[in-house]
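This report concerns only the one structure given below.
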């Protein structure tokens, strides 16, 4: 579904992402982990068209999207959330999600129908006419996922959607992501909560200082000496996985 081929992103003399290559298979859930500043969100920005690629190639669903703008990437079915939630604060929840649905829909009626379907899946229909600025953090995160889901995507990229959530909220969102995946939607997810990554992912890619240092199954990655040294720490309980 997604192929990164020696993807590099430089800002002046700084290489934020350095020749990263890996693939996300259709219908899979792939975790992307690494220390703060390792290049994870920059990689999301490059793939989704927020930042232009310095060098390398990005292929989505058989099509080269290396130089595409965000809107064209989204039109192909590849959409993402942001690490810091970005709702339209002065719009109600319904209108926030309708705005996403207009990526595909041509009429308000059609867009609202698609929006409500997404809101039901994310359990935010009770906030239908609530202004986005008045939602809790957990509800805002669900709103953001509902908005990208309303675009009828083939693949979603989730950037720390469980950050700041309590254990109950986290478990509920985990189950929602599984439900979204069950509809055949491919998922690439950045997350610092290792329990979530290990439970969700069939494959995990690890970045450090902009470079891919490991990729494999969750069990393989948590036992990788480089990953332990760079990210997990020597005290990490690898036997849990």
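Taking into account only those residues within segment 99-108 that are outside any loop (DSSP other than H, G, I, E, B) and under 20 Å from the mean Cα position of the chain (by Cα), which is surrounded by the fewest Cβ atoms within 10 Å (Cβ to Cβ)? Only one residue tops the list, namely 99. For segment 183-201, filtered to residues that are more than 22 Å from residue 118 (Cα to Cα) and in contact with a strand residue (DSSP E or B) (Cβ under 6 Å, 6 or more places away or on another chain), the residue that is modelled with the lowest pLDDT is 197. For residue 233, the conditions (1) surrounded by fewer than 20 Cβ atoms within 10 Å (Cβ to Cβ); (2) at pLDDT below 90; (3) on the phi < 0 side of the Ramachandran plot all hold with the exception of (3). For segment 32-87, a residue qualifies if it is in a loop (DSSP other than H, G, I, E, B) and within 22 Å of residue 105 (Cβ to Cβ), and the qualifying residues are 49, 61, 68, 69, 76, 77, 81, 86, 87.
Filtered by the rule that a residue be outside any strand (DSSP E or B) and farther than 20 Å from residue 157 by Cα, segment 4-31 gives 12, 13. Does residue 228 count as assigned to a helix (DSSP H, G or I), without any contact (Cβ under 8 Å) to a residue 60 or more places away in the chain and under 28 Å from residue 14 (Cβ atoms)? The answer is yes for residue 228.
The values are calculated or read from the model by the stated rules, or taken from the named source; none is laboratory data. Just so we're clear, the structure is a prediction, and the values are computed from it rather than from any experiment. Neighbour counts are summed over all protein chains in view; Cβ atoms, including those assigned to glycine, are modelled from backbone coordinates with ideal geometry.
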